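Working notes, structure below.
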Amino acid sequence: MLRRYSVHLILATLGGLVVYLAYNEYLGLYYLSVLMFMGVNIILSSSLNLVNGYMGEFSCGHAGFMCVGAYVASVLGVWLFARDRVFGAPVLDPEYALYAFPVIILAGGIAAALAGLLVAFPSYKTRGDYLAIITIAANYIIISAIENMSAIGGSRGFMGMKGVINAMEDTIYLPWMPIWVFIFTIFSVWVIRRYVSSTFGKGVNAISQDEVAAEIMSVNTNKIKTITFMLSSGLAGIGGGLFAYILGYVNPGSFNILKSTEIMVMVYLGGMGSLSGSILAAILFTILLELLRPLQIIKWIVIPLVLIILMQFRPEGIMGNRELGQTFPRLKKFYRFK
Amino acid sequence: MQQVQQQTTSDPILEIRGLTQNFGGLRAVSDFNVTLAGKQLTGLIGPNGAGKTTVFNLVSGFYQPSEGQILVDGVPTAGLKPHKVTALGVARTFQNIRLWNDMSVMDNIRVAQHYRLGYGFFHSAVRSKRYRQREEEIAREATELLEIFELKKYADEYPRNLPYGTQRKLEIARALSIHPKLLLLDEPAAGLNSSDIHELIRLIRWIHDRFDVTIWMIEHHMDVMMELCTHIKVIDFGQTIAEGTPDDIRNHPAVVTAYLGDDKI
Ligand SMILES: Nc1ncnc2c1ncn2[C@@H]1O[C@H](COP(=O)(O)OP(=O)(O)OP(=O)(O)O)[C@@H](O)[C@H]1O
Ligand SMILES: [Mg+2]
């Protein structure tokens, strides 16, 4: 009984604690935003792991999908619920912002999932290095498209999301952003976990190991690839939406290849095909980034260096191909995660 | 040549008419014809590079034929993706074992059930009743299958850790988990030692007795073919050069010429 609900219990306690601390302002704005970026990074790394780890493809354009989610969610939210230079008065009563917010974030996710088709269709015929190049191209296409939309700020960026958050807080005074980040992080990990552990989702792993055998043993490989790319980019879009609202400002430049690389570093740090690895790596990486912040640009010497050292001495990442429960079987007695 | 076969059903499971496959300038298969019906156990032999595997690849939908027609259970397979052909009831093994090596033995069987999964992404995410029911059935049937193949003790092992002969057996078990009407075996004895080969002959005979399946196999070990097949087709450079009972084949002048210098026969 306790084993069955221990994960729920831990998560509820953790979430409750953070919200409580934030509500009473025991937790400074800085620490709170680091925690929120941790959540976003967990979403990004675990969703990229779906493609790069479980499916064995090499996507280098994850930030592009994040960008789609960020812009769709931001523009939609500001247009509906905030006063803005471009859109003027809010279209809907800001009182509803709170209830509409998850829908707005999901809408960003859906748009990003559709953008994922940009990579999914070529993947039917293309693999490996060639598909990797296509993912980079997709990343550039998305960024350039947005840079050229002057209505939403073009390369100068887009803001006004604070207005939506204020509208939520005016309705019920709670630290809404940490709450939503927390909920969506759990949602993402939970969906991925359920997908890859089902017989249906194991088709993803079969494709990674031997695509010909998968197709001939009755796996509809094109369908699985489409779903996997769409799920991965869709979740990246959700992460992007949250990222935009946490910052209160987005510009296309923050979703370039450098950002994609950052997400990739997390996946390889954690271990390919290990969900717990991706989560752990996202947490560590977020902390590392904060610790290195004073170094400014030198940060981008230290982080790649970490990657080189990692690839030299532990190329399989922190967790390798395994999950927490496999590495520490005794832990299994205490939790069950489905 | 007469087809001396026990025709149990009249409808052919597999009918191939005028099958031709060109790879650039190379004609790998040329005007190939065959009809398999009932519970036959038929062989396909020929020297290296004769086009045997290509015929199997064409049947399983891996290539689209340059010319000719393939009908599985009366359904033309032209334009069908391999997974669709498999769903029609064609399962196969590969010349070089193609198991999913980083997935447990049990999962190797489970993934092969995609053609009749009966649920999709949404069900897997919400863990609906249908999902739970199907997963339970699949797990149960997979366990039963592993049990009758005496592979149950390896259920949680990775295939690459198993002895070579056991991997071959697992690949055959995985193919049978699809409940095929037609089973294609591409050189199942390749790489096996002589005791494994005896085991394999017993296994194939047992499968042939126990399951309602037509078996078509490629093999270089003539003793295996002589022992198992009732009918053998011989091809060379993509062309059929002889067919008949194992005894007919053994002494056929064209076969002897084709294999001249090839010490496998
Ligand atoms: N995809 C392909 N592209 C080009 N040529 C091919 C292709 N597949 C097979 N071939 C050629 O077609 C011919 C027949 O090959 P196939 O693999 O069918 O022979 P086989 O009878 O199975 O031989 P073996 O006994 O060595 O397995 C060979 O010359 C081979 O090189
Ligand atoms: Mg061959």
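The values are calculated or read from the model by the stated rules, or taken from the named source; none is laboratory data. Values in this document were obtained by computation on a predicted structure and should not be read as measured data. A quick note on method: Cβ atoms are made from the backbone with ideal geometry, for glycine too, and the neighbour counts reach across all protein chains shown. Side chains are part of the model used for accessible areas, which takes the heavy atoms of the whole protein and leaves out ligands, DNA and RNA. Shrake-Rupley method; radii C 1.70, N 1.55, O 1.52, S 1.80 Å.
Numbers at a glance
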{"quantity": "Whole-number percent relative contact order across the stretch A:182-287, with pairs defined as alpha carbons under 8 Å at least 6 apart", "calculated": "16 percent"}
{"quantity": "Modelled FRET efficiency - R0 41 Å, A:TYR124 with B:ARG27, Cβ distances, 0.05 increments", "calculated": "0.90"}
{"quantity": "Whole-number accessible area per residue in Å² for chain A, which is evaluated in the context of all protein chains at 1.4 Å", "calculated": "45 Å²"}
{"quantity": "Mean Cα-pair separation over length for the stretch B:103-157, i.e. relative contact order, pairs under 8 Å, 6 or more apart, %", "calculated": "54 percent"}
{"quantity": "Distance in nm between pseudo-label sites at A:TYR30 and B:GLU157 (7 Å out along the Cβ direction from Cα)", "calculated": "5.7 nm"}
{"quantity": "Inter-label distance for B:ASP247 and A:PHE187, nm, one decimal - labels placed 7 Å from Cα along Cα-to-Cβ", "calculated": "7.4 nm"}
{"quantity": "Three-way shape call for the stretch B:1-100 based on the alpha-carbon gyration tensor, with the a/c threshold at 1.5", "calculated": "rounded"}
{"quantity": "The stretch B:103-157, accessible surface, carbon-and-sulfur percent (1.4 angstrom probe)", "calculated": "50 percent"}
{"quantity": "Three-way shape call for the stretch A:154-209 based on the alpha-carbon gyration tensor, with the a/c threshold at 1.5", "calculated": "oblate"}
{"quantity": "Label zone at A:THR327 (point 7 Å along Cα-to-Cβ), backbone N below 13 Å, the stretch A:273-309", "calculated": "A:273-284"}
{"quantity": "Residues whose placed amide H lies under 5 Å from that of B:ARG92, excluding near-sequence neighbours", "calculated": "B:LEU184"}
{"quantity": "Environment charge of B:LEU200, counting only residues whose C-beta is closer than 13 Å and scoring Lys/Arg +1, Asp/Glu -1", "calculated": "-3"}
{"quantity": "Accessible surface, the stretch B:103-157, averaged per residue in Å² (probe 1.4 Å)", "calculated": "50 Å²"}
{"quantity": "Estimated FRET transfer efficiency when R0 is 56 angstrom, pair A:LEU17-A:VAL212 (beta carbons, to 0.05)", "calculated": "0.65"}
{"quantity": "Label-point separation, B:VAL126 to A:PHE87 (7 Å along Cα→Cβ), nm", "calculated": "2.9 nm"}
{"quantity": "Hz values of 3J(HN,Hα) by residue in the stretch B:185-200 - Karplus curve (6.51, -1.76, 1.60), Gly and Pro given as x", "calculated": "10, 9, 6, x, 8, 4, x, 9, 7, 5, 6, 5, 5, 4, 4, 5"}
{"quantity": "Table column - 3J(HN,Hα) (Hz), the stretch A:57-63, Karplus curve with 6.51, -1.76, 1.60, x for Gly and Pro", "calculated": "8, 10, 8, 10, x, 4, 5"}
{"quantity": "Peptide B:78-89, shielding by other chains (average Cβ, 10 Å cutoff)", "calculated": "3"}
{"quantity": "Restraint check, A:LYS125/A:LYS202; A:LYS202/B:LYS39; A:LYS125/B:LYS129, Cα-Cα greater than 28 Å", "calculated": "A:LYS202/B:LYS39; A:LYS125/B:LYS129"}
{"quantity": "In Å², nearest 10: area of B:ASP186 left accessible to a 1.4 Å probe", "calculated": "0 Å²"}
{"quantity": "Over chain B, relative contact order from alpha-carbon pairs under 8 Å, at least 6 apart, %", "calculated": "27 percent"}
{"quantity": "Residues along the stretch A:202-216 losing 40 Å² or more of accessible surface when the other protein chains are present rather than the chain by itself (probe 1.4 Å)", "calculated": "A:LYS202, A:GLN209, A:ASP210, A:VAL212, A:ALA213, A:GLU215, A:ILE216"}
{"quantity": "Surface share of carbon and sulfur [accessible, 1.4 angstrom probe, percent] for the stretch A:86-243", "calculated": "67 percent"}
{"quantity": "Cα gyration tensor, the stretch A:1-129 - rounded (a/c under 1.5), prolate or oblate", "calculated": "oblate"}
{"quantity": "HN-Hα J in Hz across the stretch B:140-150 - Karplus 6.51, -1.76, 1.60, θ = phi - 60°, x for Gly and Pro", "calculated": "5, 5, 5, 4, 4, 4, 4, 5, 5, 8, 6"}
{"quantity": "Amide H partners (placed H, <5 Å) of B:LEU44, local residues excluded", "calculated": "B:MET217, B:ILE218, B:GLU219, B:LYS233"}
{"quantity": "FRET efficiency estimate (nearest 0.05) - Cβ-Cβ, A:MET311 to B:SER195, R0 45 angstrom", "calculated": "0.50"}
{"quantity": "Of A:ILE165, A:ILE43, A:ILE308, the one that fluctuates the most in a GNM where chain A has Cα springs shorter than 10 Å", "calculated": "A:ILE308"}
{"quantity": "Net +/- balance of residues flanking B:GLY51 in space, Cβ distance below 9 Å, scoring K and R +1, D and E -1", "calculated": "+1"}
{"quantity": "Extreme residue, positive dipole direction of the protein assembly as shown, given options B:LEU182, A:TYR173, A:SER46 (C-beta unit charges)", "calculated": "A:TYR173"}
{"quantity": "Between A and B, accessible area buried - total, square angstrom, nearest 100, 1.4 angstrom probe", "calculated": "2800 Å²"}
